[in-house]
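Here's the structure, in structure tokens; my notes come after.
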Amino acid sequence: MHDKPEDKRMKFTLLVVGRTVEKHYITAINDYVERTKHFISFDMEVIPELKNTKSLSMEQQKEKEGELISKALQPGDVVVLLDEHGKEFRSVEFADWMARKMHTVNKRLVFIIGGPYGFAPKIYDIAKEKISLSKMTFSHQMIRLIFVEQLYRAMNILNGGPYHHE
């Protein structure tokens, strides 16, 4: 069986902890995911949220989520954390950054949105970079929407489409 040529393309993945529950976010996120797939191989993977977290400390919860995140990663993945302490970009700068990644990453570029307390130290250790979408704090549901919209916008910019008037 031969690989289709498109199977050789670099893949982009958004890895999130816990499913999106609010219907209006689900609809909007799915819309941007589908639009983005016109440009790149992109999918969103959900790591189930932890059960019975009441008995866990913040650190224990981050560690357990870290184990689940690690299991979802593949050899050769380039990991980028969406983190409040990460680098900030204007949309055009993010598009340029994405263009560079498209030329340098061989397998998967994996963006990760962690759980409510952030990431375990071992996840910070495996990450190549951190990106911040804003200095402001947003819900994890909303960050998913903001990220997929910015990813779509970056692809639109790189493909010569309009990006100010949406």
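Tabulated data
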quantity	calculated
Pair list, Cβ under 6 Å, 6 or more apart: the stretch 125-141 residue within 11 Å of ILE112 (Cα to Cα), other residue open to solvent by 70 Å² or more (accessible area, probe 1.4 Å) and at pLDDT 90 or above	ILE131/LYS87
Subset of the stretch 14-31 (residues that are touching a residue at least 24 places away in the same chain (Cβ under 8 Å) and either touching a Lys or Arg at 6+ places or on another chain (Cβ under 8 Å) or surrounded by 11 or more Cβ atoms within 10 Å (Cβ to Cβ) (or both))	LEU14, LEU15, VAL16, VAL17, GLY18, ARG19, THR20, GLU22, TYR25, ALA28, ILE29
Residue check, ALA99 within 23 Å of ARG9 (Cβ to Cβ), surrounded by fewer than 15 Cβ atoms within 10 Å (Cβ to Cβ) and not hydroxyl-bearing (Ser, Thr, Tyr)	yes
Every pair of residues 6+ apart whose Cβ atoms lie under 9 Å, when the first sits in the stretch 32-49 and is in contact (Cβ under 8 Å) with a residue 60 or more places away in the chain and of a type in the set (A, V, I, L, M) while the second is part of a loop (DSSP other than H, G, I, E, B) and open to solvent by 90 Å² or more (accessible area, probe 1.4 Å)	ILE40/ARG9
Test: residue in the stretch 48-56 that is modelled with pLDDT of 90 or more, among the hydroxyl-bearing types (Ser, Thr, Tyr) and over 14 Å from the mean Cα position of the chain (by Cα)	no
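The values are calculated or read from the model by the stated rules, or taken from the named source; none is laboratory data. Worth saying up front: this structure is predicted, and the values here are computed from it rather than measured. Don't worry about glycine lacking a Cβ; one is built from the backbone with ideal geometry, like all the others, and counts go over all protein chains shown. The area values use the complete protein model at the heavy-atom level, side chains included, leaving out ligands, DNA and RNA. Shrake-Rupley method; radii C 1.70, N 1.55, O 1.52, S 1.80 Å.
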